Amino acid sequence: RLRPLHHDRRRSKEMGLTKKSVLTKCGSVGEGLSKLTSKPSFSRDAKKEKTSAATTHRLSAAVEAVPSTAEAVSSASCDEVFSWLHWSPPVGTPCKTTLDRCFPGALPGHAVLKRTAQSLKDNFGMTPSNTMYGDSICPDEINHEPGGLASLMSDHWGEVFPMGGIGGAPFVGKTGFAAFSHHVPDDGHVLILFGPHVGVSEAGVVGKYCRKGQSCDSSACGAVLSAYCQVCDDAKSAKVLDVDDMQQSWLRQSICSRVGEIKMDPEPLAKVTEVAFDMIKEHLLRIVDHSFGKGKLVLVGGVQINLPAPYDDHFQPKFFQAFDESMQGEDLLSELSFAASRLAKSIPSVGFAP
């Protein structure tokens, strides 16, 4: 261990290390001590230059590693993006596993609204000011909560004309549709969202949903699932029309013809929901017409899936067509198919240059 020179003047003098000699040979006491200990000497400017060069190198390497927005989107799956936004359950959870298995292609409500609204605007010039919006969905309160697809659609398109009864069937009939469609603006358009709904619980059980204020799961859709159970218990009685329960009678009668198919399915409650969609679509196509003007009649159909909080209710798109005056439909269903590569191409790169 070296001691300061002034602490041992005699030893320093014997070694010929006077203050004057050290200052002369080394330029400063600090430099003299540095040389005595054989440590390399750097000037402050040299240190700054070296530090600056190293920092620049690290920053350049880091910037090169930062992906552009398009690259980041294309490398992430839609499931990861939706889960990150808290729109969808995380991959691997029971709820998400059931959702993917039983309702492939289901999208969060926010995504459905954005895609349909953008597609209709780009293709036909449809806007809230020239479009009348109606829906044929079950009146269950969980389908109309803020943030759900029905609520998002009406927030965007304006006041809604409700067409659906329990289960989602358009029980307003031809008369109801005629009244609704004749409220359309001059040369305007008609847009209808339709379909049944079904719950998927946190545990991944189809047909179950935990409602606000309740500690246990309950059925969703109660009307459709109840109709299926009634048909299974007594198919003959299920065909009888009850004038005091006409909507449920219609559900039972509609399900009755396909009950064998439903029972054979590995997921009967998901299958009965699919059957409900088919019969709702068939009924809706019978009552609509194009007598309201020159605009488009657009039908967006699918299955609403009620998910546990905090996730968005999802929608499995199954029908998206725009009809002209001759009732010739233009299929737009591909507009509701998420493709990360296509989305990435539509987003400009915002990468950084060193």
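Describe numerically, in nm with one decimal, the distance between label points set 7 Å from Cα along Cα→Cβ at CYS216 and at ASN130.
So the two model labels end up 5.4 nm from each other.
What number comes out for accessible area per residue over segment 199-275 if the probe is 1.4 Å? Units Å², please. Intermediate results must be reported in sequence, preceding the final value.
Details: 4140 Å² over 77 residues.
Ligands and nucleic acids excluded, the figure is 54 Å² per residue.
Given contacts defined as C-alpha pairs under 8 Å and at least six residues apart, what's the relative contact order of segment 206-349, whole-number percent?
RCO, segment 206-349: 15 percent.
Filter LYS208/LYS296; LYS96/LYS263; LYS121/LYS174; LYS239/LYS263; LYS96/LYS296 down to the pairs with a C-alpha to C-alpha distance above 26 Å, please. The partial results should precede the final answer.
Numbers: LYS208/LYS296 37 Å; LYS96/LYS263 24 Å; LYS121/LYS174 28 Å; LYS239/LYS263 18 Å; LYS96/LYS296 36 Å.
Checking Cα-Cα distances, LYS208/LYS296; LYS121/LYS174; LYS96/LYS296 exceed 26 Å.
Give the percent of DSSP beta bridges with both residues in segment 134-273 that are antiparallel, rounded to the nearest 5.
Numbers: 3 of 8 bridges.
Around 40 percent antiparallel, to the nearest 5.
Can you pull the semi-axes for segment 154-228, root of five times each eigenvalue of the Cα gyration tensor, sorted largest first, whole Å?
Values: eigenvalues 211, 44, 18 Å².
Semi-axes (√(5λ), whole Å): 32, 15, 9.
What is the distance in Å between the Cα centroid of segment 203-227 and that of segment 270-288?
Each part reduced to its Cα centre gives a spacing of 21 Å.
How high is the FRET efficiency between CYS232 and LYS294 when r is their beta carbon distance and R₀ equals 51 Å, given to the nearest 0.05?
Plugging the Cβ-Cβ distance into 1/(1 + (r/R0)^6) gives 0.60.
Take the alpha carbon atoms of segment 126-255, find their radius of gyration, then divide it by 2.2 N^0.38 Å using N residues; give the quotient.
On the way: Rg = 17.0 Å, N = 130, 2.2 N^0.38 = 14.0 Å.
Output field value: 1.21.
Step through the residues of segment 79-87 one at a time and calculate ³J(HN,Hα) from phi using the Karplus curve (6.51 cos²θ - 1.76 cosθ + 1.60, θ = phi - 60°), rounding each to whole Hz and writing x for Gly and Pro.
With the stated coefficients, segment 79-87 comes to 4, 5, 5, 5, 5, 4, 7, 6, 8 Hz.
Would you kindly derive the ³J(HN,Hα) couplings of segment 243-258 from the backbone phi angles with the Karplus curve 6.51 cos²θ - 1.76 cosθ + 1.60 (θ = phi - 60°), listing them in order in whole Hz, with x for Gly and Pro?
My calculation for segment 243-258 gives 5, 8, 8, 5, 5, 5, 4, 4, 4, 4, 4, 6, 6, 4, 5, 10 Hz in order.
What are the residues whose amide H is under 5 Å from the amide H of LEU193, where those residues sit 5 or more places off or on another chain and H is modelled from the backbone?
GLY134, ASP135, SER136, VAL300
Enumerate the calculated ³J(HN,Hα) couplings along segment 97-104 in order (Karplus 6.51 cos²θ - 1.76 cosθ + 1.60, θ = phi - 60°), each rounded to whole Hz, writing x wherever the residue is Gly or Pro.
In residue order, the calculated couplings are 4, 5, 4, 6, 6, 8, 9, x Hz.
Using the per-residue mean of other Cβ atoms lying within 10 Å as a proxy for protection, in what order, highest first, do the peptides 271-280, 133-142 fall?
271-280, 133-142
Quick query: amide H of VAL303 versus all other amide H atoms, modeled in the peptide plane; which residues come in under 5 Å with a sequence gap of 5 or more or a different chain?
Those lying under 5 Å, H to H, from VAL303 are GLN316, LYS318.
The values are calculated or read from the model by the stated rules, or taken from the named source; none is laboratory data. Just so we're clear, the structure is a prediction, and the values are computed from it rather than from any experiment. All Cβ positions, glycine included, derive from the backbone under ideal geometry; neighbour counts span all protein chains shown. Please note that ligands, DNA and RNA were not included when accessible areas were found on the heavy atoms of the full protein model with its side chains. Shrake-Rupley method; radii C 1.70, N 1.55, O 1.52, S 1.80 Å.
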